[in-house]
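Heads up, the thing below is written out as structure tokens.
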Amino acid sequence: MTPFELHQPGTVPEAIALLGEEGARPMSGGTALMLMMKAGVLRPSRLVSLNKLGLNEIQVGPGGELFVGSMVSLRTLEKSDIVRRGWPVIARTLRTLSNVQVRNVATVGGHLAHADPHMDLPPLLSALGARVTLEGPKGKRSVAVESIATGYLETSLARDELITQVQIPALGSKRAAYLKCTTRSADDWPAVGVAVVLEGERSTIFVSAATDKPTRIASVEAVDALPIESDLHGSAAYKKHLLKVYLKRAMNEARKPAD
Amino acid sequence: MKRASQPTETPQVGRSIPRLESWLKVTGRAEYVHNLRLPGMLYGKIFRSSISHGRIKRIDTAAARALAGVHSVVTAEEIKSIVPDPYYGPAFLDQPVLAVDKVRYVGEPVAVVLASDPHVAEEAVHLISAEYEELPAVYDEVEAMTSKAIVHDVLKPAGTYPDLKHLQGKKNTNLALDFRLRRGNPETALKSAHRVFEHRFRTQQVMHTPLEPLVTVVESTEDSLTIHTASQSPSFVRIEIARLLGWPENRIRVRVPFLGGGFGAKLYIKLEALVSVLALLTKKPVKISLTMEEQFFTITKHATTFRIKSGLDREGRIVARECEVWWNGGAYADIGPRITQKSGFTAPGPYDIEHVAIDSYALYTNLPPAGALRGFGVPQLVWAYESHTDMIARALGIDPVEFRRKNILREGRPQATGTKMKDAAIETVLDRLEVLLDWKKPFDRGGGTLKRGRGLAVGFKACISNTTSLAAVSVNADGSCTVYCSSVDMGQGSDTAMAQIAAEVLNLPAESVRVVHSDTDVTPYDMATLGSRSLFHMGNAVKLAAEDAAGQLRALKDELKLPADAPVPDIFRKKYGMRAGSVTGTASFNPSYTPPDANGLTENATPFWMVGGTGVEIEVDTETGRVRVARLINVADVGTPINPKIVETQLSGGSIMQLGFTLFEKLQFDAAGQLRNASLAEYRIPGFLDLPGEIINEAVSAEQRTGPFGAKGVGETATFGLSPAVANAIHDAVGVRLTELPMNPESVYMKMQNK
Amino acid sequence: MRTEVHFRLNGQAVSAQVAPHESLVEMLQEQFGLYGARESCGQGMCGCCTVLLDGVAVPGCLTLAVLINKKEIVTVEGGQTLDPVQEAFIEAGAFQCGFCTPGFVLMTRQLLDEYPDPDEDQIRHYLSGNLCRCAAYPEIIEAVKLAARKRKA
């Protein structure tokens, strides 16, 4: 690893200011970041740890929406009674996301900002209509989760913008499911992921893993036109086939009576 | 932890005692070379080839050498100043300590950076650049037979092996060795057979991935070396380093504590030659500790192609079998040639066949080297012959168990080499599989999208020969016992087994025996800890050495006119007038062996056979091709177990490892020989969520009469039959036959679509 | 440029000078001679580097030592005698080469703290971040069940 300076600011404005410099990167849980630094893929000259910023509350808002601070760990989210009662599909999805040790340190904000298309929460949160609050030198703005990832490990965030909060609408009468299919070991990175949210007659579908970012499709007919490439998880043709199978399965799963 | 120490009449073999080193392992205090740090030590980081075949034009190390904190950068040039002929290997002397003139696979070590901070060394490696003149490369083992891309300009078999002499100096070939066996008249027999079946099978390259990656630390004085290394073959390391340096053996000390896994990866020479030379060049202790990723570029398992052809008579008896096996050895031979021969001769399987032809080829290719991996080539062979056997049975409309029973090798009958089978409970294993699988009962194959199937397979292995183990057993003045042997405990429980054997002879509790770890200054010669040979060979040596010590004690009692039941401390007290002295028994065990003749035939091919059977019940998700093993049954002939619990865990562990090789593990290369999945994130190994629903392990009632207390090895046995049992079950479930490993979901699904 | 960190290690107040890129595992090994936590896969997949940080199991090879100031670290070496989990692992023969064992011991303690009576499904999922190449998985499941019984007693 190349040498870097490490800062642990106590406020968001401080953190944003520190991120203004070229070569600076924010660090929350740090697992994905450390991996990439050890592999030599990322060589930041400055790391800005977000661990002292707070941003770790889980609350239900007046409209029944879920507010999650961006520094909430994935494990905290998984075990939260609020989340289990109001958004059980999220708690279920987290159960097979990476492993317990990683979930103990990885954060919701870091997870969304990493933009690896194999990850589980981005397609699910996109399908649920979730939004994030971003803070930058010019102030705050709100964007849909679905617009964060723009490509493989690429986001629409500026270098000095931080996710500070995630908002997930109340489920209400919506039924949701997320399923993934692995083609090597059982807990491998998925070859395909499918998130389905049903509301009355309407269905919102996001596919992931086989695409380079979570991608909304209208129906199963759209699968063949997706830009999917062969890789270590399988050929393009097979992954398209898996997507169709898992779309059907996710629909069935979503339609099951709520637990 | 309290340990019993008083003499005992309780049998010590056949006891499932906890491993001797339990406390150390559960408290994280077990010693591994991975942990070792010495004062003043330098860390070495390796710069590796980025192309699969080429001549080295230039290596630019200036920028690396200039980086602050770098001690030095070493290439083959500096190596040659200490070792003028820097080539090593257990069969061929073809592998350079650092690349000389050519690189032969992506990842081959070309240079080393030394620094006292490993992060600095790592940084400096990125500053090295090399220029190559690319040469055409070959990756497929069958193609390598006739390819114009030649990996080695000339073959270099080690001079010490008479059976390799004829290969010396051969040029223009990738065929390192071919093993040929002919018994009877296979060509004629096939022509006149009632039915003939021919099939072709393939297996893939995989890696052992021990969780403690390969690591070696060497410290030197002016005329001695101490090599601390994670190695299964300390005696071999000493001999080979002595040969490379031109030093007497006794100036080289090889120490091995526990291994964090081995599985065959940590054998012969891996890092030891390089680190030894670096220690001599720098006159400082040097450590090279590979990352998990680097292991993939160091040693792997042979991919294979196996063409198998059988002739059957009207009664369903196999009268002739022709086996042609191509072994993909990668860029350096390592132990590949021996796999080609010693496993090659079992290619026809555990069947009684009069006419046999075997041609087994060791090929060079431009891939990371292949060597020993749990099974030593046998799993690849069983994959082919047990799939083939099932296919024949079904084509003939004979029940697969019945078909095997009709043809199985029984006691006293000649195996393909002509050696008569002895103490190989093949039929018993088959019988038990049939019972444990409820084979005779109807089986529900399911409906809907989940289809169920069952399958079985039986494989066998000849213990490698001829090999030698020596042991020493001391009885101390207080009656306690110390065992000295160079067997290496890599998790298979060898320490515990040797303690139980010595304890049985000396009537001591096994827990009270101290087993000294490999240290070539102290523990005598052992061929190596591999191929499930240690329990038989070292176990016999320890038993004999303990008997020798017991004999010396008896002689002392006679000399001192003490009663036969006099306690040991009394003997020494009477002999020396105080608490002093000890006796040391020694023994050497080298079972007889007759090398094969020009037709590969011999009446004494091996000192013992291993027999492993697997039965599985599986579920196939027909929409995705995903296979789940619902029930896994491992049945083995291990003779009479020394420690039944450890035997069970070896069967279970071996089968789960083989499950990974069967369903998803594979080294995936691109068209330029570049490995794309060299890390545990992308090369997945079995975890908790991959386990079969139920695993049953059984050691059949059997005896290895020449083994210590009737025992023999078990480390590899459960790997033999797993893959074909699963393929046979898939065929049973969905009617498709897969002939290549791994059987991942896409391959199963695609086979089903192309039915 | 090294930073001084002050923290508690297995119940004792200690301090260390650490470089910015130094991982928790490196610090524990280099400066405290504690080798129970090991870097194997280096990617947070195998669990060999598991360490407890403020009572939470983390991948030590992906954790920067500079960030542990004022925190509580517990490793497998903490503790004077064998606890019920370690005893259970011994009785059940739940290890072979032992390289992954410290990680399993720590995670099993965490598991039983959260779920004192786990079923097999819970055990497999909770421990899925710990790999064992020797594949002692069946014995580990038995050890966890045995440890649960011992802890209840």
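Below are the figures for this structure:
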item: Answer residue from region A:210-237, given it is within 14 Å of chain B (Cβ to nearest Cβ) and under 25 Å from A:A176 (Cα atoms) and is surrounded by the most Cβ atoms within 10 Å (Cβ to Cβ) among those; result: A:A210
item: Residue in region C:3-12 that is closer than 20 Å to A:V48 by Cα, out of contact with any helix residue (DSSP H, G or I) (no Cβ under 9 Å at 6 or more places or on another chain) and not hydroxyl-bearing (S, T, Y) present; result: yes
item: Identity of the residue in region B:614-639, over 22 Å from the mean Cα position of the chain (by Cα) and β-branched (V, I, T), that ends up nearest to the other protein chains (Cβ to nearest Cβ); result: B:T624
item: All positions within region B:95-141 that are without any contact (Cβ under 8 Å) to a residue 24 or more places away in the chain and either part of a loop (DSSP other than H, G, I, E, B) or more than 29 Å from B:K156 (Cβ to Cβ) (or both); result: B:H119, B:H126
item: Test result for B:I695, within 8 Å of chain C (Cβ to nearest Cβ), assigned to a strand (DSSP E or B) and modelled with pLDDT of 95 or more; result: yes
item: Top-ranked residue of region B:573-603 - restricted to ones that are over 29 Å from B:M538 (Cα atoms) and charged (D, E, K, R), ranked as surrounded by the fewest Cβ atoms within 10 Å (Cβ to Cβ); result: B:R579
item: Spans of strands (runs of 3 or more DSSP E) in region A:171-259 with at least 1 residues of a type outside the set (F, W, Y) and closer than 30 Å to B:L659 by Cα; result: A:175-181, A:192-199, A:202-208
item: Only listed residue being within 23 Å of B:R238 (Cβ to Cβ), touching a strand residue (DSSP E or B) at 6+ places or on another chain (Cβ under 6 Å) and of a type outside the set (A, V, I, L, M, F, W, C), chosen from B:S534, B:S494, B:S486, B:S518; result: B:S486
item: Qualifying residue in region C:129-150 (condition: of a type in the set (S, T, N, Q) and surrounded by fewer than 24 Cβ atoms within 10 Å (Cβ to Cβ)); result: no
item: Cross-chain or 6+ apart pairs with Cβ under 7 Å, region A:75-92 first and among the acidic types (D, E), then modelled with pLDDT of 95 or more; result: A:E78/A:A91; A:E78/A:L94; A:E78/A:R95; A:E78/A:R103
item: Qualifying residue in region B:630-645 (condition: at pLDDT 95 or above, assigned to a helix (DSSP H, G or I) and surrounded by fewer than 23 Cβ atoms within 10 Å (Cβ to Cβ)); result: yes
item: Residue list for region B:438-454, filter: touching a helix residue (DSSP H, G or I) at 6+ places or on another chain (Cβ under 9 Å) and assigned to a loop (DSSP other than H, G, I, E, B); result: B:W439, B:K440, B:F443, B:R445, B:G446
item: Residue in region B:519-527 that is in a helix (DSSP H, G or I), over 20 Å from the mean Cα position of the chain (by Cα) and surrounded by fewer than 24 Cβ atoms within 10 Å (Cβ to Cβ) present; result: no
item: In region B:704-730, residue nearest to B:P692 (Cα to Cα) [restricted to those that are under 16 Å from the mean Cα position of the chain (by Cα), part of a helix (DSSP H, G or I) and β-branched (V, I, T)]; result: B:T719
item: Selected residue (criterion: nearest to B:L659 (Cα to Cα)) from residues of region C:124-152 that are within 12 Å of chain A (Cβ to nearest Cβ) and outside any loop (DSSP other than H, G, I, E, B); result: C:R124
item: Single condition B:N174 does not satisfy, out of (1) of a type in the set (S, T, N, Q); (2) surrounded by 19 or more Cβ atoms within 10 Å (Cβ to Cβ); (3) out of contact with any helix residue (DSSP H, G or I) (no Cβ under 9 Å at 6 or more places or on another chain); result: (3)
item: Pair list, Cβ under 7 Å, 6 or more apart: region B:492-515 residue outside the structural domain of B:P257 (by TED's automatic domain parsing) and more than 26 Å from B:G654 (Cβ to Cβ), other residue of a type outside the set (A, V, I, L, M) and assigned to a helix (DSSP H, G or I); result: B:V505/B:K543; B:V505/B:E547
item: Residue count, region A:50-90 (criterion: within 26 Å of A:E14 (Cα to Cα) and more than 16 Å from the chain's Cα centre (by Cα)); result: 10
item: Qualifying residue in region B:272-292 (condition: assigned to a strand (DSSP E or B), crowded, with 23+ Cβ neighbours inside 10 Å and either aliphatic (A, V, I, L, M) or in the same structural domain as B:S534 (by TED's automatic domain parsing) (or both)); result: yes
item: A:T93 vs. criteria more than 13 Å from the chain's Cα centre (by Cα) and β-branched (V, I, T); result: no
item: Residue in region B:1-59 that is surrounded by the fewest Cβ atoms within 10 Å (Cβ to Cβ), counting only those that are within 14 Å of chain C (Cβ to nearest Cβ) and among the polar types (S, T, N, Q); result: B:S16
item: Residue in region B:134-165 that is nearest to B:P596 (Cα to Cα), counting only those that are surrounded by 17 or more Cβ atoms within 10 Å (Cβ to Cβ) and either under 23 Å from the mean Cα position of the chain (by Cα) or of a type in the set (F, W, Y) (or both); result: B:L164
item: Of all residues making up region B:439-479, the number that are out of contact with any Gly (no Cβ under 9 Å at 6 or more places or on another chain) and either without any contact (Cβ under 8 Å) to a residue 60 or more places away in the chain or under 30 Å from B:S518 (Cα atoms) (or both); result: 13
item: Region C:65-91 - residue that is under 30 Å from B:N643 (Cβ atoms) and more than 9 Å from chain B (Cβ to nearest Cβ) and, of those, surrounded by the most Cβ atoms within 10 Å (Cβ to Cβ); result: C:A88
item: Qualifying residues in region C:92-111 (those that are part of a helix (DSSP H, G or I) and among the hydrophobic types (A, V, I, L, M, F, W, C)) - the one surrounded by the fewest Cβ atoms within 10 Å (Cβ to Cβ); result: C:L111
item: Conditions (1) out of contact with any strand residue (DSSP E or B) (no Cβ under 9 Å at 6 or more places or on another chain); (2) at pLDDT 95 or above; number of the one not met by B:D565; result: (2)
item: Region C:13-39: number of residues that are in contact with a Pro (Cβ under 7 Å, 6 or more places away or on another chain) and surrounded by 20 or more Cβ atoms within 10 Å (Cβ to Cβ); result: 2
item: Failed condition for B:F460, given (1) surrounded by fewer than 24 Cβ atoms within 10 Å (Cβ to Cβ); (2) under 23 Å from the mean Cα position of the chain (by Cα); (3) in a strand (DSSP E or B); result: (1)
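The values are calculated or read from the model by the stated rules, or taken from the named source; none is laboratory data. Treat the numbers as computed from the prediction; the structure is a model and nothing was measured. Here Cβ is always computed from backbone atoms with ideal geometry, including for glycine, and neighbour counts include all displayed protein chains.
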